[in-house]
Amino acid sequence: MPYYRRVGEVPRKRHTQFRQPDGTLYAEELMGQEGFSSDSSLLYHRHAPTAIVAAEEFAPPAYTRVPNLPLKPRHLRTHKLDGAGADPVLGRRHLLANDDVRIGYVLADRPSPLYRNATGDECLYVEAGGLRVESTFGALDAVAGDYVVIPTSTIHRLVPTGDGPTRLLTVEANGHIGPPKRYLSVRGQFLEHSPYCERDVRGPDTPLLVDGEDVEVLVRHRRGWTRYTYANHPFDVVGWDGHLYPWAFSIHDFEPITGRIHQPPPVHQTFQGPNFVICSFVPRKVDYHPDAIPVPYNHHNVDSDEMLFYTGGNYEARRGSGIGQGSISLHPSGFTHGPQPGAAERSIGVDYFDELAVMVDTFRPLDLCEAAAECEDDGYAWTWARKG
Ligand SMILES: [Fe+2]
């Protein structure tokens, strides 16, 4: 998505004869968004990407959604969900969801099945461990601190890498996820005031070729899930070019925007999706006005539910609330939130925040899924009323 990329072999002109060593034509596949009116990539397959030999309905792991009632700020401890390990697609525990986005968490210790999410882009944040994203576009390796954006309908497999299990925060959109428009030129180049740019973005750089026949792919589509059996392994692309491909970006490459007084959350924005944004809070020098109060003021974004995933350092504004590594806070519309008691005074004179957090702000309310109830800290809502 971020910019033009070319991998492997492609012919000089698109839609012209491009032949395999045995003289047969490679099979072209144009994969594009918004009906030929937005980003696309053109892939060259050894086999027809249309050749399926079986299709059956598939029942994905069930989950429930209930409204946030009574309306409360919530604290979820994702690490309490740690179980025996799971695969990074079917093992996701959904925590928060609305009709635009689903947010989940998984402790992954085994490869996923081949998977195509035809309902929207996914943004995976690697909290710990490593992740190899194998796809028709090639392989892409990610480590702790990386975001990986996987475009809608990319056939891929997620493989945990590294010594321990891999921890992922998963953000599944019903639509497309990309950099904020205000950071892009009309032709899509990152502008000078963007907190990251092309040099910070990684994509697959060589084709990934796998032989195989009768290969199963799970397809999550707009009306359910189906398990296809493809006649040939879908990782048979010898080359592709275009603007659409899985890409990774490290939160550690996000350059914070700071100021003399407190900067509002839009300076942390990293991605935009349909009816939501994703922001990165990274270690940074803080406000340098002599009378500055570095932690945020109490605030109420009346049109947003705000989810924060705490993934490193000390989150100064939340000190004393029980929030720690792997915690999620949900501050919904209808509730004014702000720093914990004492945090404002404590922050005066501090010139550096060592914090790392991922925020998802949604414009429609987030419902709670059953995994949220399993790991909720019930006392969080009352922590602002504590003395001291
Ligand atoms: Fe907030």
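By how many nm would the segment from residue 63 to residue 325 grow when fully extended, if each residue of separation counts as 0.36 nm and the alpha-carbon distance is taken off?
91.8 nm
What full-extension length gain, to one decimal in nm, is calculated for residue 351 and residue 258 as 0.36 nm per residue of separation minus the Cα-Cα distance?
Full extension of this stretch gives 32.4 nm more.
Residues with amide H under 5 Å of residue 205's amide H, sequence separation 5 or more or different chain, H placed in the peptide plane at 1.01 Å from N; which?
139
Please label the shape of segment 202-258 as rounded, prolate or oblate, based on the square roots a ≥ b ≥ c of the eigenvalues of the alpha-carbon gyration tensor (a/c under 1.5 means rounded; beyond that, a/b larger than b/c means prolate, else oblate).
Cα axes put segment 202-258 in the oblate bin.
Between residue 9 and residue 335, what is 0.36 nm times their sequence separation minus the Cα-Cα distance? Round to one decimal in nm.
Computed gain between residue 9 and residue 335 is 111.9 nm.
For the chain, what is the relative contact order in percent, using Cα pairs closer than 8 Å and at least 6 residues apart in sequence?
On the way: 1005 pairs, mean separation 84.9, N = 388.
Value for the chain: 22 percent.
Please compute the volume of the convex hull spanned by the alpha-carbon atoms of segment 164-220 and report it per residue in Å³.
Details: hull volume 12.9 nm³, N = 57.
With only Cα atoms used, segment 164-220 gives 226 Å³ per residue.
Do any chymotrypsin sites (Phe, Trp or Tyr not before Pro) in segment 266-319 lie in a DSSP loop with no more than 14 other beta carbon atoms within 10 Å, and if so, which? Don't skip to the answer; put the middle values down first.
Working: sites: 271, 276, 281, 288, 297, 309, 310, 315; in loops: 288, 297, 315.
Counting only loop positions with at most 14 other Cβ atoms within 10 Å, the chymotrypsin sites (Phe, Trp or Tyr not before Pro) in segment 266-319 are 288, 297.
Report the far tail of the P(r) of segment 258-385, meaning the percent of Cα-Cα pairs longer than 21 Å.
Pairs farther apart than 21 Å: 40 percent.
Label-point separation (nm) for residue 214 and residue 22, each offset 7 Å from Cα along Cα-to-Cβ?
So the two model labels end up 2.0 nm from each other.
Please give the Cα centre distance for segment 269-287 versus segment 64-113, rounded to the nearest Å.
The distance from the Cα centre of segment 269-287 to that of segment 64-113 comes to 21 Å.
Test of understanding: given the chain, find the longest segment containing no trypsin sites (Lys or Arg not before Pro) that are in a DSSP loop and have at most 15 other Cβ atoms within 10 Å. Kindly include the intermediate steps, with their values, before the conclusion.
Values: sites that count: 12, 13, 14, 187, 222, 223, 260, 386, 387.
Maximal segment without exposed cleavage sites: 15-186.
Just grab the label-to-label distance for residue 385 and residue 56, each label 7 Å out from Cα along the Cβ direction, in nm (one decimal).
5.4 nm
Suppose R0 equals 22 Å; then what is the FRET efficiency for residue 267 and residue 297 from their Cβ-Cβ distance, rounded to the nearest 0.05?
0.90
So for the chain, considering every pair of alpha-carbon atoms, how many percent are separated by more than 36 Å?
Roughly 26 percent, rounded to a whole number.
Where the centroid of each part is defined by its Cα atoms, how far is segment 163-235 from segment 334-356 in Å?
Taking the Cα centre of segment 334-356 as reference, the centre of segment 163-235 is 35 Å away.
Which aspartates and glutamates does residue 285 reach when only Cα atoms under 18 Å apart count, and residues fewer than 8 places away in its own chain are ignored?
Within the straight-line limit of under 18 Å, residue 285 reaches these aspartates and glutamates: 253, 255, 316, 345, 351, 354, 355.
Any read-out appearing in this document is the output of simple, stated calculations on the displayed coordinates, not a laboratory observation. Everything numeric in this text was worked out from a predicted model, so none of it was measured. Cβ sites come from the backbone with ideal geometry, for glycine too, and all protein chains shown count toward neighbours.
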